[in-house]
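Below is one structure, written out as structure tokens; the observations come after it.
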Amino acid sequence: MSLNHDIQTNRLLDETINDNFVDMAPPMSEKQVLVASERCLFCYDAPCITACPTGIDIPLFIRKINTGNAHGAAKEILSANILGGSCARVCPTETLCEEVCVRNTSEGAPVDISGLQRYAVDHIDTQMPYPFTRKAETGKHVAVVGAGPAGLACAHRLACEGHQVTIYEAAAKPGGLNEYGIAQYKLVDDYTQKEIEFVLQIGGIEIKYQTALGKDVTLTQLRNDHDAVFIGIGMSDVNNMGIPGEDLPGVIDAVDYISDLRQADKMSDLPVGRRVIVIGAGMTAIDIAVQSKKLGAEQVSIVYRRDISAMGASGHERELALQNGVNFELNAQPHEIIGDDNGITSMQFKRTKNDDNGKLVATDEVLSIECDVVFKAIGQKYDGSPLGDDAPDLCKRRRIAVDDNFQSSLAGVYAGGDCIDGKDLVVEAVDHGNKAAAAIHLKLSLHTTKG
Amino acid sequence: MADLSCEFLGIKSINPFWLASAPPTDKAYNVVRAFEAGWGGVVWKTLGEDPAPINVSSRYGVHYGQNRQVMGFNNIELITDRPLQVNLDEITQVKKDWPDRVIIVSLMVPCEEESWKNILPLVEATGADGIELNFGCPHGMPERGMGAAVGQVPDYIEMVTRWCKQYYSKPVIVKLTPNITDVRMPAQAALRGGADAVSLINTINSITSVNLDTMSPEPSVDGKGTHGGYCGSAVKPIALSMVSEIARDPITAKLPISGIGGVSNWRDAAEFISLGATNVQVCTAAMLYGFKIVTEMCDGLSDWMDKQGHKSINDFAGAAIPNTTDWKHLNMNYNRIAVIDQDNCIECGRCFAACEDTSHQAIKITEVADGTRKFSVIDEECVGCNLCQVTCPEPEAIAMVDVPTDKPHLSWLHHPSNPYRETP
Ligand SMILES: Cc1cc2nc3c(=O)[nH]c(=O)nc-3n(C[C@H](O)[C@H](O)[C@H](O)COP(=O)(O)OP(=O)(O)OC[C@H]3O[C@@H](n4cnc5c(N)ncnc54)[C@H](O)[C@@H]3O)c2cc1C
Ligand SMILES: Cc1cc2nc3c(=O)[nH]c(=O)nc-3n(C[C@H](O)[C@H](O)[C@H](O)COP(=O)(O)O)c2cc1C
Ligand code: SF4
């Protein structure tokens, strides 16, 4: 690697990096659990339940914790959201359940719902029987494409109903972005794989790894061989900035890099730039910026073309970035990346402002920031190519269009998670998977009764 | 999943959770909502003779813990303030619509045979599963010669119960007031009168607080207050003790009990049942949290039963009675001491204050070099009273630990220091 372009491994000692990547929100102590659960008011028609995409009965599970029944609380959570354990760790609760907690109103702080949820799921009693039972085999067989949160949730519900499920997964491991994308410090200790082991204990689910739709199987085959198909392939493409220099070495897709990070045996082996620019304003931007800092990057700047209030990342996440020493450079629009075949040296931006109509416009003022690495975190894109020629219709956002039952324009083909329109959160993917499973089950049972 | 269904006096219930006779069971609207929420049964709000009494405004007074947590509250309401026929009609309809749920009709009429003779056939006609005699209301009604006034005189209890058994064919439950000295007396009287069961406790005479600006007890009605009936989790210990007294009394040991008083979650229910109740009734918890609370109660009880390997309520009913005994039978050779877990101690010093000032000076403070304080137990001084553990704000900081002994069981009955000791 060229000296000009300061990208190195081992910026920090292994121990230091490991320390940096410890659990961001460590488990609560028994006393914290007591105090936190006591704060829940068991509200009538509680707003937190409505705010949770999977509709977990939060007051009820908290009361169960408070009465010494953590196992029951875990069952309550998992029956609404089989990935309740990872959701407790990765959900931006400050924009979901905790945002609407009525305790905010006069006390300025919500009940620590995520902490309590994690406590409950972590304390499920493994001596007790598996909390879900599989109904008698229906003889129906459903194909699920993608073992991400959407696919797993869908598969689990279908398996509970007695259907046989085969998951076709392109990667070598299950979990989707829970395994390859979520920030390392949110899901420590290989949690995703442990959680999936628990999910699969229901039985009736087979996963075919390294079996990609569009490559190893076609949608037509799946439709012919199964009673229904659920597509949960997420978004495998990324948006481009469309500026000169975008293809130079040193310009990296943030999600790809995080995937390497998540799978690294030794994080100190990862190449880390000294000066890092992150383009984007969402969760991925924050994650790559914070993780770069934790890996030893000296300067990390998130550059965004609008002002702070327009950022997709929540205040809580921005705070996390600031605490980790990340700079924010606002109102600056990517213009050009400067470098050569050996790497990059700086990136140029045009300052933006809102014109009289409130529309964002670029000004002539140029901002130049020196850098060794530019991470693109400007959003992912759905790639429909694996679905082949008779692919379902797309919606306005160029993802698979579905109806209220999560069925696409192709009969018997359902979809959910990031590959359909939505908030692009794990918890929402689970909700889609749940609802699609319910619709599939209903349809398959109707068919059965018709004979 | 454990089976929560149970039978009380031959009446089948889908679970042991009934709503006690009180506002939650005052009318069809509430009762239907309660059944929808999953309650196994209700004891309908107490009916009386027409004209129905009139209630005052400002009815409940509260005793708060820290953070406005309701420890208990009291009320100065009377029995139902709706006409008898309206209640009877609603009971008939709801029972018809909800055949798998229990409806017990609570009754309170004057202490005259005619009154009971008149009302009982009307109640019988509703199809309800049984009656509960409200001898417990501690306010208002006693002044009319009903409720606690009857409940405090065992002979009256026996007499009225006998009338009820005479004029009513289904189970008769006698609800006992706790406002007496020895609850075994009214329970025995109920048994003599032919009662099929007793239920307890009704509310406890109380004044929850005094408004120091107006010098009126709460709840204040136009500047004046009166004692009301106290209920909620604060009364649970009293209720548990009374239930156990009746369960342990050889005379009433076989008399079924419906446990009432401060049941707020599955654990409270399990405790009542372990001490001799066959089912439980709930009022305050429902009034504070709504009917949905029954979901936690049912799930929690069933989860606990699963964990314990109990298949049905009967598996643990009364299980704690053999361990409930008189003081004189307790083992004087048993010893436990406090052990402070330094890792969980937050150094507040409350255990020290409690033990040093009011107990046995068995906790010592050591100033540590780094300026922190270390609290530890002087084993030889500790009598195992539990006070430090009681005051400790941390659930995991102070443990009471058995001190092994090779001495045999020795009770006061046989203790050498007892001048009246029995020789074995
Ligand atoms: C960097 C980053 C950080 C994030 N952080 C958070 C967070 O903190 N909290 C949060 O709630 N959400 C977060 N998200 C969003 C969240 O990860 C997604 O919304 C969620 O994972 C979507 O689930 P899914 O099942 O739809 O898709 P994915 O998780 O993407 O899973 C799709 C699966 O399909 C497989 N697949 C793809 N194509 C094929 C094919 N052709 N054939 C077979 N299999 C295929 C993939 O290998 C993968 O296993 C983050 C996203 C990113 C990118
Ligand atoms: C407002 C109120 C009204 C009550 N009215 C009656 C009644 O009419 N008849 C009766 O038998 N008990 C009545 N009770 C007593 C309850 O049925 C119950 O015995 C008592 O509240 C203890 O149970 P708890 O701690 O679960 O509330 C009343 C209680 C309250 C709080
Ligand atoms: S609960 Fe409040 S609103 Fe309802 S009757 Fe009582 S005082 Fe009035």
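The values are calculated or read from the model by the stated rules, or taken from the named source; none is laboratory data. It should be emphasised that the depicted structure is a prediction, and the values quoted were computed from it without experimental measurement. Cβ sites come from the backbone with ideal geometry, for glycine too, and all protein chains shown count toward neighbours.
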Legend entry - Unique match (being in contact (Cβ under 8 Å) with a residue 60 or more places away in the chain, more than 24 Å from A:Asp227 (Cβ to Cβ), touching a His at 6+ places or on another chain (Cβ under 6 Å) and away from chain B (no Cβ under 14 Å)) among A:Glu94, A:Glu161: A:Glu94
Inset, instruction - Return the residue satisfying two criteria in turn: it lies in segment B:97-123 and is more than 11 Å from ligand 2 (Cβ to nearest atom) and in contact with a Ser or Thr (Cβ under 6 Å, 6 or more places away or on another chain), and of such residues it is modelled with the highest pLDDT. - result: B:Val102
Inset, instruction - Would you mind stating whether A:Leu330 is crowded, with 17+ Cβ neighbours inside 10 Å and within 16 Å of ligand 1 (Cβ to nearest atom)? - result: no
Inset, instruction - Scan segment A:396-451 residue by residue and report those that are within 22 Å of A:Thr54 (Cα to Cα), out of contact with any helix residue (DSSP H, G or I) (no Cβ under 7 Å at 6 or more places or on another chain) and surrounded by fewer than 16 Cβ atoms within 10 Å (Cβ to Cβ). - result: A:Asp403, A:Asp404, A:Lys423, A:Leu442
Inset, instruction - Check whether at least one residue in segment A:304-323 is polar (S, T, N, Q) and under 12 Å from A:Ile369 (Cα atoms), and report yes or no. - result: no
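Among the candidates A:Ser346, A:Ser368, single out the residue that is touching a Cys at 6+ places or on another chain (Cβ under 9 Å), assigned by TED's automatic domain parsing to the domain that holds A:Gly280 and not in a helix (DSSP H, G or I).
Values: A:Ser368 fails: touching a Cys at 6+ places or on another chain (Cβ under 9 Å).
Result of the check over A:Ser346, A:Ser368: A:Ser346.
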Inset, instruction - With the condition kept exactly as written, say whether any residue in segment A:355-372 is under 23 Å from the mean Cα position of the chain (by Cα) and buried (at least 16 other Cβ atoms within 10 Å of the Cβ). - result: no
Inset, instruction - Could you list all residues from segment A:201-225 that are more than 13 Å from ligand 1 (Cβ to nearest atom) and crowded, with 20+ Cβ neighbours inside 10 Å? - result: A:Ile202, A:Gly204, A:Ile205
Legend entry - Filtered residues of segment A:56-68 (kept if assigned to a helix (DSSP H, G or I) and either more than 7 Å from chain B (Cβ to nearest Cβ) or closer than 14 Å to A:Cys43 by Cα (or both)): A:Ile58, A:Pro59, A:Leu60, A:Phe61, A:Ile62, A:Arg63, A:Ile65, A:Asn66
Inset, instruction - Run down A:Gly232, A:Gly280 and say which single residue is assigned by TED's automatic domain parsing to the domain that holds A:Asp393, surrounded by 19 or more Cβ atoms within 10 Å (Cβ to Cβ) and within 20 Å of the chain's Cα centre (by Cα). - result: A:Gly232
Inset, instruction - Specify the residue that is nearest to the other protein chains (Cβ to nearest Cβ); the eligible residues are those in segment A:7-29 that are surrounded by 13 or more Cβ atoms within 10 Å (Cβ to Cβ) and in a helix (DSSP H, G or I). - result: A:Asn18
Inset, instruction - Answer yes if at least one residue in segment A:299-319 is closer than 22 Å to A:Asn20 by Cα and free of Cβ contacts under 8 Å to residues at least 12 places away in the same chain, and no otherwise. - result: yes
Inset, instruction - Among the residues of segment B:342-358, count how many are assigned to a loop (DSSP other than H, G, I, E, B), at pLDDT 95 or above and more than 11 Å from B:Phe375 (Cβ to Cβ). - result: 0
Legend entry - Tally, over segment B:368-400, of residues that are in contact (Cβ under 8 Å) with a residue 60 or more places away in the chain and β-branched (Val, Ile, Thr): 1
Inset, instruction - Determine whether A:Gln127 is modelled with pLDDT under 95, under 24 Å from B:Met1 (Cβ atoms) and part of a loop (DSSP other than H, G, I, E, B). - result: yes
Legend entry - Selection within segment B:186-215 - within 14 Å of ligand 2 (Cβ to nearest atom) and assigned to a loop (DSSP other than H, G, I, E, B): B:Ile201, B:Asn202, B:Thr203, B:Thr208
Inset, instruction - Just need a number here: residues in segment B:354-364 that are surrounded by 14 or more Cβ atoms within 10 Å (Cβ to Cβ) and either out of contact with any Leu (no Cβ under 8 Å at 6 or more places or on another chain) or without any contact (Cβ under 8 Å) to a residue 24 or more places away in the chain (or both). - result: 5
Legend entry - Qualifying positions in segment A:69-86 - at the interface with another protein chain (Cβ under 8 Å from one of its Cβ atoms) and either in contact with a Gly (Cβ under 8 Å, 6 or more places away or on another chain) or β-branched (Val, Ile, Thr) (or both): A:Asn69, A:Gly72
Inset, instruction - Could you please let me know if A:Ser79 is in contact with a Pro (Cβ under 9 Å, 6 or more places away or on another chain), surrounded by fewer than 24 Cβ atoms within 10 Å (Cβ to Cβ) and not assigned by TED's automatic domain parsing to the domain that holds A:Ile182? - result: yes
Inset, instruction - With the condition kept exactly as written, say whether any residue in segment B:370-391 is more than 26 Å from the chain's Cα centre (by Cα), among the aliphatic types (A, V, I, L, M) and exposed (fewer than 13 other Cβ atoms within 10 Å of the Cβ). - result: no
Inset, instruction - Please enumerate the residues belonging to segment B:124-167 that are more than 12 Å from ligand 2 (Cβ to nearest atom), at pLDDT below 95 and not in a helix (DSSP H, G or I). - result: B:Gly145, B:Gln152, B:Val153
Legend entry - Pair list, Cβ < 6 Å and 6+ apart or interchain, from segment A:254-268 residues that are small (Gly, Ala, Ser) to residues that are part of a helix (DSSP H, G or I) and more than 10 Å from ligand 1 (Cβ to nearest atom): A:Ser268/A:Asp14; A:Ser268/A:Ile17
